Every structure is written in C-alpha cells, then in structure tokens.
Amino acid sequence: MHVRTLTGGLVAACLVTLSLTGGQAVAAAPQTADAPLAARVLTYDAAGSAEFRSAVDRGAAIWNESVDAVELRPAAAGQRANIRVLADNGWPRALPTTLGNGTVYIGRQAVDQGYNTIRISAHEIGHILGLPDRKPGPCSSLMSGSTAGIACTNPYPNTAEKAEVEGNFGGALAGPAPAVRAGVIVD
Ligand SMILES: [Zn+2]
C-alpha cells in the first residue's frame, strides 16, 4: 500500500486527534479513488524481541497481507512506535492501551512448550488490533491461541477475525469503533 504526502484538512485533523488520544505518532494514507480504504499505519518496534524478531516481522506481514484497513511498519530508529514487542520468559501476552497501541510480550514459556512463534506473534498483535481471545477454538482461528494446541501453526486470522479488524480501523463495513480494554491480555 502506498502512502502519499498528507493532503486535506480532514486527514490532518484525524492525525492530530489520534496523536493526542494515543499519545504516539500515527500516520495515515489519504483516501484515493482507486484505494477507497485508507490504511492506518501503525509502527512497531521489535528491537527488544530478541530471537523472535523474524517471527514478529512475519506476524506483522501476515496482518498486512490479511487486512486493508491497517498497515504495520517497522518503526524508524529513534521513533516512538505504536506497538512495542518484547521477549521475556513469561507467558505471551498483550497490554493494549488504546486501539492500535500497546506492548506485546513474546513469552518463552509458551515457545518452550512448543507453541509456534509466528502464530504467537500474529495472535498478540491481533490483541493490539482490538481482537479478544476466542477460546476454546479451532486452529483456523488465530485468536483461539493456545487452545488449538501446540500442533497448530496457523498464523493467519480467519475471515471473521479479518473483518473485525477491518471494522475496528474504519473499513468499508465499519461499525462504531470498539472500546479497547486497557490491561493485560494473557496469551
Ligand atoms: Zn490472546
């Protein structure tokens, strides 16, 4: 998805609002005739994700492949990212603050048990994108998380999960923006 120079007061106004409410830099692509859905760009910083960095990049890329309404990009050096991704020895978890903002932990406890690192990454990013856990659930569901078992390596959101994120970020079928529950979402 191309991002062009910002034009138009509306987009600029939205940016200001998002920046104020999120407290973090947010960029957006303006709407164009051939791209009716303007992706909201969210930056992520995986510098603290240690051995999971490539899995985190892949998880972000999967979301970029899966939805139009949001685009995840690596943060530039020194830039404050919307999403921080860290590795630690606990269970994987997400700490959303506002929609599209928060911190993700790729916990080694689950990795050591055999859970797939790309599925974990995409799942936790899914929480930052406003998705709740859907447990128990099948492997076809990204948000079924660990309940799908360690044999499940599917890192892709299903149709409903994709539609929910499109809606959360103002897609064509968007309803009211969801209230994001700030706090810890474990797994
Ligand atoms: Zn979860």
task = Report the local net charge at residue 79: Lys and Arg +1, Asp and Glu -1, summed over other residues whose C-beta lies under 15 Å from its C-beta.
result = +2
request  = Between residue 113 and residue 156, take the C-beta separation as r, use R0 = 25 Å, and let me know the FRET efficiency to the nearest 0.05.
outcome  = 0.70
request  = Report the trypsin sites (Lys or Arg not before Pro) located in region 36-87 that are in a DSSP loop and have at most 16 other Cβ atoms inside 10 Å of their Cβ, or state none.
outcome  = 80
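We did not get these values from a lab; they are worked out from the coordinates using the rules stated. Computed from a prediction, not measured in an experiment: that's the story for all the values here. So basically every Cβ, Gly included, is an ideal-geometry build from the backbone, and we count neighbours across all protein chains shown.
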